[in-house]
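Report on one structure; see the data block that follows.
What follows draws every value from the coordinates through simple rules; no lab data is involved. Note that the structure is predicted; figures quoted are calculated from it, not measured. All Cβ positions, even for glycine, are placed from backbone atoms using ideal geometry, and neighbour counts span all protein chains on display.
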Amino acid sequence: MNITLPLRRVERRLGFLAAEIARLRKQAAKPRSKTKPSNSLSDSAREALVAYLALTPALDEDALLQTLLKCAMQVVGAGGAGLTLLDPRKRRLVFRAAIGDGAEGIIGQEVPLKGSRHGLAFATGEVQTDTPLDSDVEKAARARFRNVLVAPLQIAGESVGTISAVNKQGAGHFSAEDMAAYKQFADLGAVVVRQRCREQVLRRGLAGARRPSVTLPLVLDPEDLQLLELFDSVTRVRHDHPEWLPLVKQFVEGMARSAS
């Protein structure tokens, strides 16, 4: 049996490990910086915080929203569905996702808060259904919408956008059952939007971007900011004094037991 090849592989692996150990020893021997820590988050903190704040970090926003719309469209038997978010500067709703009838031409189209079913749902916080009031969206989408069903997207009791369905299949109009079902999808959609906005605000802040974004109808609330700062502090301890981590863990667990 020829064992030369396996031995060579083991030899190469041992050489690699020896080099890696030498590198780690050299790195550990370097004096640690005593400068005041920066206000910016470390790379490890950034990735972990994005993972915490994002609903599904590996799934892009469009794919997630379109999956939501596909389910909503099937539940109410619609020919198409869309989602708008408020542009706070223009005070208009803007389509951010759409599938089905008219979807190809509707992304980016603006809907007025007054004189539209979307605006009524946004202002009243109630589901609206009837024929469309605003014809500009139909022109932009190059499609005819016989009827529309619109539910508000609400976060902490405040409207941030709408979710809609168009062209009821097999019937002349959307039913009361459709309205109730769509309200449930609106609640789910609001959760998705909130998590995505958290992730985008975090990414924008970590990148140091200062330009405003119309796709973010909310910012991080005080609780999120406190969690972010706490996580960053723990990350710094892990980086500068890993031997302190057991004490930090013991302290936090003790506080949690006292609070329960």
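Numbers at a glance
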item	result
Contact order normalised by residue count of region 61-207, Cα under 8 Å, 6+ apart, percent	23
Ranking of T84, T129 by count of other Cβ atoms within 10 Å, fewest first	T129, T84
Among 151-157, 192-198, 117-123, 242-248, the order from most to least packed when residues are scored by Cβ within 10 Å on average	117-123, 192-198, 151-157, 242-248
Simple label model, 7 Å out from Cα along Cβ direction - H173 to V191, nm	3.2
Directionally averaged shadow of region 61-207, computed from the convex hull of its alpha-carbon atoms, nm²	8.3
